[in-house]
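Readers should treat all values here as calculations from the given coordinates under stated rules, not as data from a laboratory. These figures come from a predicted structure and were not determined experimentally. Cβ placement follows ideal geometry from the backbone for every residue including glycine, while neighbour counts extend to all protein chains displayed.
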Amino acid sequence: MSSSAPRSCVIGYPAKHSRSPKIHGYWLDRHGIEGHYGIEEISPEGFADFVSKLSEHGYVGANVTMPHKEAALRLSTPDQRAKSVGVSNTLWFDKAGTLNSTNTDVEGFIGALDANAPGWDKKSTSAVVLGAGGAAKAVVYGLLERGLKEIHVVNRTIEKAQAFREAFGSAVHPVAWSDLPALMKGATLLANSTSLGMYGQPALEIDISKMADGAVVSDIVYVPLKTDLLASAEARGFATSNGLDMLLHQAVRGFELWFGTRPKVTQELFDMVAADIVGG
Ligand code: NAP
């Protein structure tokens, strides 16, 4: 590889478990791009210094994962998505040398819905979002960006759902778990952004049988690939969008920013990363 080949990486602590090198490595290979995507395990104490020398380390940008996403926002020039969600996960230098950042979980969630349920936003003006954690912020912001008028945020800790209304405005309606059954009647779009249903976590107990015909159900949990929620949505003939689709779609923008080509999320890529997840 020539010394001028673009290089990017994922910065985390820990970072070795990241699947991003597999995803970007696959696209570099498929597009015949001479570039590299590596892993940088950097402690919280060393993160600011590492980012200030990102270019000297030879990088055109980077992904940022736990626990550095808030710091990445502070140490860069964030776009509106990153500012609204409160964290950045993708850094890149523009032509003037400014270090910019964005939050690609927003387009990951929306991109997966577009791919799996084309036209979903024409059929739904409202959504039910389960969860009010970090991932839920990206989900709610993405839905608002796409013009949904009413978003019911259902969370165990109701104060966190109320904080979403303060942050995102009056289209957000905080809802207690006990009121979820009433909300499901006739619902057209449901997104699980809690960790419920993930391996090692409690089950997500929800009855989706009263949702509208042709409803769309998304689950951002990706271990397992097919959660119980998605299995029961499929059994009812609803369109579904899974967490691995979101993970892959969120990677598209970073690759485009660093390597100059917009890559596609293909079945082959999905199967390759899915095999890695199933295999642990
Ligand atoms: P987080 O900030 O810790 O939020 C966790 C959410 O789950 C909160 O709303 C929390 O409710 C709720 N929750 C957890 N345990 C619960 C329980 N026993 N009963 C009821 N609610 C419970 O985590 P996060 O970063 O948002 O991640 C959430 C999930 O999304 C994880 O499974 C993560 O792997 C997944 N994720 C996927 C992608 C992707 O690309 N597919 C991206 C990001 C995250 P409280 O507020 O009441 O605690």
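Report, to the nearest 10°, how far helix 243-259 tilts away from the longest principal axis of the Cα atoms in the chain, using its own Cα long axis and a range of 0 to 90°.
Rounded to the nearest ten degrees, it is 30.
Between 0 and 90 degrees, rounded to the nearest ten: what's the tilt of helix 158-168 against the longest Cα principal axis of the chain?
The angle comes out near 60 degrees.
Rank these for me by crowding, 262, 146, going from fewest to most other beta carbons within 10 Å.
Numbers: 262 12, 146 15.
With the sparsest Cβ surroundings first, the list reads 262, 146.
Beyond a 19 Å Cα-Cα separation, which of these cross-linked pairs lie in this structure: 83/264; 22/264; 83/137; 16/83; 22/137?
Beyond 19 Å: 83/264; 16/83; 22/137.
Please say if the chain is rounded, prolate or oblate, where rounded means a/c under 1.5 for a ≥ b ≥ c the square roots of the C-alpha gyration tensor eigenvalues, and otherwise the choice is prolate for a/b larger than b/c and oblate otherwise? Numbers along the way, then the final one.
Values: a/c = 2.01, a/b = 1.59, b/c = 1.26.
Because a/c hits 1.5 or more and a/b exceeds b/c, the chain counts as prolate.
For a quick check: sort 177, 27 by the number of other beta carbons within 10 angstrom, fewest at the front. Walk me through the numbers before you get to the answer.
Working: 177 14, 27 23.
Arranged by neighbour count, lowest to highest, 177, 27 become 177, 27.
Starting from the amide H of residue 77, placed 1.01 Å from N in the peptide plane, find each other amide H under 5 Å away whose residue is 5 or more places distant or on another chain.
So residue 77 has HN proximity to 99, 100, 101.
Pick from 61, 254, 133 the residue whose mean-square fluctuation is largest in a GNM of the chain, springs joining Cα atoms under 10 Å.
For the chain, modelled as a Gaussian network with Cα springs under 10 Å, the answer is 133.
Checking the a/c ratio against 1.5 first, then a/b against b/c, what shape does the Cα gyration tensor give for segment 165-253? If you can, show how the numbers build up before the last one.
Values: a/c = 1.41, a/b = 1.13, b/c = 1.25.
Rounded.
Nearest 10 degrees is fine. How inclined is helix 20-31 to the longest principal axis of the chain, computing both from alpha carbons?
70
Picking from 130, 204, 248, which is most flexible by a Gaussian network model of the chain using Cα springs under 10 Å?
Of the options given, 204 has the highest mean-square fluctuation.
Using unit Cβ charges (K, R positive; D, E negative) and no other charged atoms, how large, in debye to the nearest 20, is the dipole of segment 164-280 about its Cα centre?
260
Testing the spin-label approximation: label points 7 Å from Cα along Cα→Cβ at residue 231 and residue 49. State their distance in nm.
5.0
Counting only residues 5 or more places away or on other chains, whose amide H sits under 5 Å from the amide H of residue 37 once H atoms are built in the peptide plane?
8
Which order results if 7, 236 are arranged by neighbouring Cβ count within 10 Å, fewest first?
In increasing order of surrounding Cβ atoms, one gets 236, 7.
³J(HN,Hα) across segment 128-145 via Karplus (A = 6.51, B = -1.76, C = 1.60, θ = phi - 60°), whole Hz, x for Gly/Pro?
Whole-Hz 3J(HN,Hα) from phi for segment 128-145: 10, 10, 8, x, 9, x, x, 5, 4, 4, 5, 5, 5, 4, x, 5, 5, 4.
Could you pull out every one of the aspartates and glutamates with an alpha carbon less than 14 Å from that of residue 53, ignoring same-chain neighbours closer than 8 positions?
Cross-link targets: 40.
From the backbone phi of segment 48-58, what are the Karplus-calculated ³J(HN,Hα) couplings (6.51 cos²θ - 1.76 cosθ + 1.60, θ = phi - 60°) in whole Hz, Gly and Pro given as x?
Result, ordered by residue: 4, 5, 4, 5, 5, 10, 3, 5, 4, 6, x Hz.
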